[in-house]
Amino acid sequence: MRWKIAARPIGRELRIGDFERDSAPPELALREGAIRVQVLMLSCDPAQKGWMENVAGYAAPTEIGGVMPAGGVGRVLESRAAEFAPGDLVQGTLGWSDEMVVEASAMRRVRDEPDAPRLALGLLGSSGLTAYFGLARIGVPQPGDTLVVTGAGGGVGSIVGQIGKIAGCRVIGLAGGADKCRWLTDELGFDHAIDYKAENPKQRVRELAPGGIDVLWDNVGGQMLDDLLARIARKARVVICGGIARYQQGGRPPGPASYFNIVFKSARMEGFLLSDFADDHDIGRDRLRTWLAEKRIVQRDEVVDGLENAPQTLMRLFRGENRGKLLIRVAD
Ligand SMILES: NC(=O)c1ccc[n+]([C@@H]2O[C@H](COP(=O)([O-])OP(=O)(O)OC[C@H]3O[C@@H](n4cnc5c(N)ncnc54)[C@H](OP(=O)(O)O)[C@@H]3O)[C@@H](O)[C@H]2O)c1
């Protein structure tokens, strides 16, 4: 079975009707250079909504009636490419389908180890690498710095906070709900967590970090970014990773009114895409793997079984119903 894109959710929330289920038999012909892959596990990413809208300039355009794309891990069933043989584990852009035919050159080999699909899509995949490169290369945390992370309970944010602790920072996370906040401090080692749905982030950050924010990691944008820009310290580094507050809205949000604090504090604000660091991804993977082996970092995730649940599962990201990385298991 597979799920196809039925509508473009521009300027509004995702709906079940944006996807159409299709049970036609899989594509049989395998062109030269292609592989047939049994999909094992799929990543849920807020960016997938942008892919459906064709607004993410960095991603391949999607088509109405095309299979919904998703980062995934699968096992090669059949190969017409020298790089891979049946049985190999591969990772790359797959889709909401139990079987896909893809170009071998667009796939990378995954080490066959226990929990390989989970790790390859989480800590050792786009979430972990985004956290690692954004923080190490743009945030440049120093021991004693105050690091504030928005969207702290998600796939990327939960790893940013842990790397911040390894770097010797005081880490404050913002997340929705008291339970998620307790989870950040009790299980992931954050120093403090602010429930942005119940507390005033601007006021709480002033109380918790009177010296200001040295590194601000932003996954959310909108009002939350504006509130936190008002609290940055001198020479702060503001890392713009995402802006989920705007992903379901029409139009563009107003610019942050506090942006001029970047001048008053001689600060820096910089966005990035994980692909900017593509040449160094293996370096990041090795570093994260070492920390994992040393038990200095953990992957927190939630695995939902069954491709039939894919649309509802993706929608959970936009309601804050995930803790850590959200994954869909398609097959064992
Ligand atoms: N630059 C890059 O290359 C790159 C790569 C990967 C991801 N990203 C970005 O990084 C961010 C995090 O991605 P992820 O995969 O780790 O997703 P995620 O954080 O696991 O899931 C999204 C989380 O965002 C929060 N959220 C949803 N709507 C919100 C709103 N209106 N206001 C505030 N918080 C809201 C929810 O948590 P709460 O319970 O806290 O509300 C939800 O759990 C996204 O913005 C994504 O686009 C960027």
- Note on the structure: The ³J(HN,Hα) series, computed from each phi in segment 22-33 with the Karplus coefficients 6.51, -1.76 and 1.60 at θ = phi - 60°, rounded to the nearest Hz and given as x for glycine or proline, is 9, 10, 4, x, x, 4, 9, 5, 10, 6, 4, x
- Query: Taking Cα centroids, how far is segment 243-294 from segment 99-160 in Å?
  - Reply: 13
- Note on the structure: Diffing segment 278-295: the Karplus 3J(HN,Hα) column from phi (6.51, -1.76, 1.60, θ = phi - 60°), in whole Hz with x for Gly and Pro, holds 3, 5, 10, 4, 5, 5, x, 4, 4, 5, 5, 5, 5, 4, 5, 5, 7, 6
- Eligible lysines near residue 265 by straight Cα distance, threshold 18 Å, same-chain separation 8 or greater: 202, 235
- With only alpha-carbon atoms counted, please give the Rg and Dmax of the chain, in Å. 20.1, 63
- Compute log10 of I(q)/I(0) for segment 120-183 with the Debye formula, placing one identical point scatterer on every Cα and leaving out solvent, at q = 0.14, 0.22, 0.29 Å⁻¹, to two decimals. -0.37, -0.86, -1.23
- Round to the nearest 10 and give me the degree value, 0 to 90, for the angle of helix 157-166's Cα axis relative to the longest principal axis of the chain. 60
- Query: Counting other C-beta atoms within 10 Å, which of 304, 73 has the fewest, and how do the rest follow?
  - Reply: 304, 73
- Message: Give me the dipole magnitude in Debye, nearest 20, for the chain about the Cα centre, with unit charges on the beta carbon: positive for Lys and Arg, negative for Asp and Glu.
- Response: 1080
- Task: Among 275, 43, 149, flag the residue with its Cα farthest along the positive direction of the charge dipole of the chain, charges on Cβ as +1 for Lys/Arg and -1 for Asp/Glu.
- Result: 149
- Task: Determine, at each q value in 0.09, 0.13, 0.19, 0.21 (inverse angstroms), the log₁₀ of I(q)/I(0) that the Debye formula gives when each Cα of segment 126-275 is one equal point scatterer.
- Result: -0.23, -0.50, -1.14, -1.43
- Note on the structure: Between residue 33 and residues 5 or more places away or on another chain, the pairs with built amide H atoms under 5 Å apart involve 80, 81
- Item | About the Cα centre, charge dipole magnitude for segment 126-275 (Lys/Arg +1, Asp/Glu -1 at Cβ), debye | 420
- Item | Extension gain from residue 202 to residue 80, taking 0.36 nm per residue of separation minus the Cα-Cα distance | 38.3 nm
- Item | Cα pair distances exceeding 18 angstrom across segment 17-84, given as percent | 53
- Item | Reference-scaled alpha-carbon Rg (2.2 N^0.38 Å with N residues) for segment 1-155 | 1.18
- For residue 138, what is the net charge nearby, where nearby means another residue's Cβ is under 15 Å from its Cβ and Lys, Arg count +1, Asp, Glu -1? -2
- Note on the structure: Taking Cα atoms only, Rg over Rh for segment 237-332 with Rh from the Kirkwood formula is 1.05
- Work out how much length residue 268 to residue 23 would gain on full extension: take 0.36 nm times their residue separation and subtract the Cα-Cα distance, in nm to one decimal. 83.2 nm
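Coordinate-derived values only; no laboratory data. From a predicted model like this one, the values you see are computed outputs, not experimental measurements. No Cβ is skipped: glycine too gets one built from the backbone with ideal geometry, and neighbour counts run over all protein chains shown.
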